[in-house]
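Accompanying notes for the structure given below.
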Amino acid sequence: MPVAERHESYVSSFEAFCRAPEAGPEWLRAGREAAFARFLDRGFPTTRDEEWRFTNVAPIAGMSFERARAAAISREALAVLSFRAEAAAEVVVVNGRLSPTLSSFDALPAGVTVKSLREHWQTSARPDEDSSKGRSAASATTAFSDLNFAFAEDGVVIDVAPKTVVTSPIHVLFVSVGGPVPAMVSPRLIVTAGDQSQVSVIESYAGIGDGVTFANAVTDLRVGPNAIVDHVKIQREQATAFHLAQMAARLDRAGTLTSHAITFGGRIARNDIFAVLDGEGAECVLNGLYVADGETLVDTHTTIDHAKPHCPSHELYKGILDGRAKAVFNGKIIVRPDAQKTDAKQTNKALLLTDDAQINTKPQLEIFADDVKCTHGAAIGQLDEDQLFYLRARGIAEVDARNLLIHAFAADVLSGVKVDAVRERTMRWLEEKLRLPQA
Amino acid sequence: MLLEVKDLRVRAEDKEILKGLSLSVETGQVHAIMGPNGSGKSTLARVLAGHPGYEVVSGSVTYDGKDLLALQPEERAREGVFMAFQYPVEIAGINNTYFLKAALNAIRKHRGEQELDAVEFMQLVRAKAKALEIDQAMLTRSVNEGFSGGEKKRNEIFQMAVLEPRLGILDETDSGLDIDALKIVAHGVNALRSPDRAIVVVTHYQRLLNYIVPDIVHVLNDGRIVRSGGKELALELEEKGYGWTDAPAAAVGSR
């Protein structure tokens, strides 16, 4: 593989970046260089890699991306993306740079700090092992997380002090603004919830403009002992966009993470989600809803690592595929030898609205303990003819009956989302995407 | 004549099920259609409701002067045809009340009546729900989800009470019901008997007909009506079984 050629644009971009002050202090620069070297060494995955069997990233690898330039967007453009009315704070990151003027921290209670990652890096005198390597809470680095670390100039760090409770969500909005050349952004979000704290975070990705964008995101969630973290990720970018995201969560003793991933796709949207249940009684809910049409490919790979005993995990992923959309779902559950009394449940369902839509789904259970309960199920299909007939036989028009059933299918996942506005807007976006009559 | 079925031949998956069935139902009447398993009773009910799984080979169905077979299932419902399902479908995620309101308003709109708002609808529903012992919890749950067999059947008759059809077709509504549930269902159906409405009760057993007393009883065998008579025919069937009706003897019309 002619690595040097394929990555030429990254090499020149990286060299230019490293000369700029945005690359940060010396230790960080060294970390970036190491990460970039690993990236060049590894290269982009191919479909020969088991983890990438059904998702060919050749369109990304074959395109010359530049580090996204600073861009300005108006408050008006932001209005449709904002959850300001509901949020305790809204942090807006445009093309990888936190925008203080578009952000608002007014309603943030004491005990919570939300700051720029750049600022965090600059003030870190002695970085910990993970930050100097750009490593996530729960996983080794990958080609994409290395690429992210090499280029991430800014991001958002949320720290919730022990026993602090933030009921209104903190919204972190990453906007990619496309331009004349394909632009790469490297968003990074780090959330640390202290002992017995509670926080709700909405992490959303949106695209503006016509140019091709590639968001290569890394999210890190650290759920402290007895902490409760409610997380929603909303991905809604342009049809030409590439979105590759890695989220890693580490849960301490009796920590609870509820995460909903809402994905509307782009050309390729891939979510790699890792959760390590690393303390007794930790519990995670990983749910997701993806809605795709056209030529979109949505790929979700989740790994739930039961490292300690008495941890429940619940996973419900649902997809609605229209047009020629494709989806991949791979749900790995690891139960370590120590993790007795694990209770893991995984469900994956997909609704195919056309004959051309397709999905590849695979559960992957690796169980090394003997006193555990692990269940998984997958159901792929079209709308249920019997249900359609039942609704029609009561006078409901076929188009409305289909609409009702699609809503019901999605509502099953969305009912777990705590922020009303997220649920309501997601339904509207779903209606738009699938061109359903508005309810 | 509200319903006129003439020489109806129906196929499902290359098998002929109805083989020239004729039936006439007047407004105000209650007809019972009885017959052994596989005789075509449920097929008749489903074809009248417009189930897409059947192919009408020949014959005609005229309902209130219209060609019923030309109408979509939802158009039939809006014209006042209602089938209580033998196996009501569970629909997770659709609230029972929301569903019924959408159905009623679709029908009212078709009739040129004002759609009901949430308050008016709930008033209507509460009154009807009480008679069929439908409790609040059943109304707020998803359609038929987690309902017992008896609850599902009661819910069907409850829907019929709310939607007020001109032709109600009950497809083995008695199957699987214990005697208490059967009485509640029968009571609900009897309350819906009216000079403006016809009811066709499809059943395998005579038992239901002790509670819903029909005006006319038909025996369906091998895709045809082979006997028709008064309510005493049901008792005769109970006594002798269906065997003696096999011979396609004098099939007496209901006219």
The stretch B:118-142 residues that are closer than 15 Å to B:ALA161 by Cβ, paired with ones that are assigned to a helix (DSSP H, G or I) and among the charged types (D, E, K, R) (beta carbon under 7 Å, 6 or more apart): B:PHE121/B:LYS101; B:LEU132/B:ARG154; B:GLU133/B:ARG154; B:ILE134/B:ARG154; B:MET138/B:GLU151
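Based on what the data block shows, is B:LEU163 within 11 Å of another protein chain (Cβ to nearest Cβ) and at pLDDT 95 or above? So that I can check it myself, show each step before the final result.
Details: within 11 Å of another protein chain (Cβ to nearest Cβ): yes; at pLDDT 95 or above: yes.
Judged against the criteria, B:LEU163 is a match.
Go through the stretch A:290-305 and give me each residue that's in contact with a helix residue (DSSP H, G or I) (Cβ under 7 Å, 6 or more places away or on another chain) and either surrounded by 24 or more Cβ atoms within 10 Å (Cβ to Cβ) or among the small types (Gly, Ala, Ser) (or both). Can you show your working first?
Let us first name the residues in the stretch A:290-305 that are in contact with a helix residue (DSSP H, G or I) (Cβ under 7 Å, 6 or more places away or on another chain), namely A:291, A:293, A:301.
Result: A:VAL291, single match.
In the stretch B:106-117, which residue that is within 14 Å of chain A (Cβ to nearest Cβ) and more than 13 Å from B:GLY80 (Cα to Cα) is surrounded by the most Cβ atoms within 10 Å (Cβ to Cβ)?
Step one: of the stretch B:106-117, the residues within 14 Å of chain A (Cβ to nearest Cβ) are B:106-111, B:113, B:115-116.
Okay, now just the ones that are also more than 13 Å from B:GLY80 (Cα to Cα), so B:113, B:115-116.
Values: B:GLU113: 11, B:GLU115: 14, B:LEU116: 16.
Residue satisfying both the conditions and the ranking: B:LEU116.
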Unique match (being over 27 Å from B:VAL185 (Cβ atoms), at pLDDT 95 or above and in a strand (DSSP E or B)) among B:VAL5, B:VAL56: B:VAL56
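Here is a yes/no grid of residues against (1) farther than 23 Å from B:SER175 by Cβ; (2) crowded, with 16+ Cβ neighbours inside 10 Å; (3) within 14 Å of chain A (Cβ to nearest Cβ):
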{"site": "B:LEU104", "(1), (2), (3)": "yes, yes, yes"}
{"site": "B:VAL119", "(1), (2), (3)": "yes, no, no"}
{"site": "B:MET122", "(1), (2), (3)": "yes, no, no"}
{"site": "B:GLU133", "(1), (2), (3)": "no, yes, no"}
{"site": "B:ASN144", "(1), (2), (3)": "no, yes, yes"}
Yes/no for A:ASP386 being within 28 Å of the chain's Cα centre (by Cα) and at the interface with chain B (Cβ under 8 Å from one of its Cβ atoms): no
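Quick check, is A:ALA369 surrounded by 20 or more Cβ atoms within 10 Å (Cβ to Cβ) and touching a residue at least 24 places away in the same chain (Cβ under 8 Å)? Write out each step before concluding.
Numbers: surrounded by 20 or more Cβ atoms within 10 Å (Cβ to Cβ): no; touching a residue at least 24 places away in the same chain (Cβ under 8 Å): yes.
Judged against the criteria, A:ALA369 is not a match.
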Helices (runs of 4 or more DSSP H) lying entirely in the stretch B:75-143 (those with 1 or more residues that are within 18 Å of the chain's Cα centre (by Cα) and under 24 Å from B:LEU48 (Cβ atoms)): B:96-110
Filter pass, A:ASP210 being farther than 26 Å from A:GLU86 by Cα and without any contact (Cβ under 8 Å) to a residue 60 or more places away in the chain: yes
Residues located in the stretch A:379-395, provided they are of a type in the set (A, V, I, L, M) and within 16 Å of B:GLU90 (Cα to Cα): A:LEU383, A:LEU388, A:LEU391, A:ALA393
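Looking at A:ALA421, A:ALA369 in this structure, which one is more than 14 Å from chain B (Cβ to nearest Cβ) and under 30 Å from A:PRO169 (Cβ atoms)?
On the way: A:ALA369 fails: under 30 Å from A:PRO169 (Cβ atoms).
Exactly one of A:ALA421, A:ALA369 is more than 14 Å from chain B (Cβ to nearest Cβ) and under 30 Å from A:PRO169 (Cβ atoms), namely A:ALA421.
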All helices (runs of 4 or more DSSP H) inside the stretch A:3-77 with 2 or more residues being under 22 Å from the mean Cα position of the chain (by Cα): A:26-42, A:58-61
Listing of strands (runs of 3 or more DSSP E) fully contained in the stretch B:160-240 that carry 2 or more residues being more than 18 Å from the chain's Cα centre (by Cα): B:224-229
Complete set of residues in the stretch A:319-343 that are surrounded by fewer than 24 Cβ atoms within 10 Å (Cβ to Cβ) and either modelled with pLDDT under 95 or more than 19 Å from the chain's Cα centre (by Cα) (or both): A:ASP322, A:GLY323, A:ARG324, A:ILE334, A:ARG336, A:PRO337, A:ASP338, A:ALA339, A:GLN340, A:LYS341, A:ASP343
Odd one out for A:THR426 among (1) of a type in the set (Val, Ile, Thr); (2) over 13 Å from A:TYR290 (Cα atoms); (3) more than 8 Å from chain B (Cβ to nearest Cβ): (2)
Single residue of B:LYS128, B:LYS183 found to be at pLDDT below 95 and farther than 30 Å from A:ALA408 by Cβ: B:LYS183
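Report yes if A:VAL92 is part of a strand (DSSP E or B) and among the β-branched types (Val, Ile, Thr), otherwise no. It would help to see each step written out before you state the result.
Values: part of a strand (DSSP E or B): yes; among the β-branched types (Val, Ile, Thr): yes.
Criteria met by A:VAL92.
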Contacts under 6 angstrom Cβ, first residue in the stretch B:186-211 being surrounded by fewer than 16 Cβ atoms within 10 Å (Cβ to Cβ), partner assigned to a loop (DSSP other than H, G, I, E, B), 6 or more apart: B:PRO195/B:GLY28
Residue that is at negative phi and in a helix (DSSP H, G or I), where the choices are A:ASP370, A:ASP400: A:ASP400
Among the residues listed as B:GLY223, B:GLY243, the single one being under 30 Å from B:GLU16 (Cβ atoms) and surrounded by fewer than 16 Cβ atoms within 10 Å (Cβ to Cβ): B:GLY243
Residue match in the stretch A:46-55 (condition: in contact (Cβ under 8 Å) with a residue 12 or more places away in the chain and in contact with a Leu (Cβ under 7 Å, 6 or more places away or on another chain)): yes
Pair list, Cβ under 8 Å, 6 or more apart: the stretch A:395-414 residue at the interface with chain B (Cβ under 7 Å from one of its Cβ atoms), other residue among the acidic types (Asp, Glu) and in a helix (DSSP H, G or I): A:GLY395/B:GLU74; A:ILE396/B:GLU74; A:ALA397/B:GLU74; A:GLU398/B:GLU74
Selection from the stretch B:36-95 of residues that are away from chain A (no Cβ under 14 Å), in contact with an Asp or Glu (Cβ under 8 Å, 6 or more places away or on another chain) and touching a residue at least 24 places away in the same chain (Cβ under 8 Å): B:SER39, B:GLY40, B:LYS41, B:VAL57, B:SER58, B:GLY59, B:SER60, B:VAL61, B:THR62, B:TYR63, B:ASP64
Breaking point among (1) surrounded by fewer than 19 Cβ atoms within 10 Å (Cβ to Cβ); (2) touching a residue at least 24 places away in the same chain (Cβ under 8 Å), for A:ARG428: (2)
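Scan A:VAL285, A:VAL223 and give me the residue that is of a type outside the set (Asp, Glu) and surrounded by fewer than 22 Cβ atoms within 10 Å (Cβ to Cβ).
Numbers: A:VAL223 fails: surrounded by fewer than 22 Cβ atoms within 10 Å (Cβ to Cβ).
Going through A:VAL285, A:VAL223 in turn, the sole match is A:VAL285.
The values are calculated or read from the model by the stated rules, or taken from the named source; none is laboratory data. Fair warning: this is a prediction, and the values are worked out from it, not measured in the lab. Neighbour counts are summed over all protein chains in view; Cβ atoms, including those assigned to glycine, are modelled from backbone coordinates with ideal geometry.
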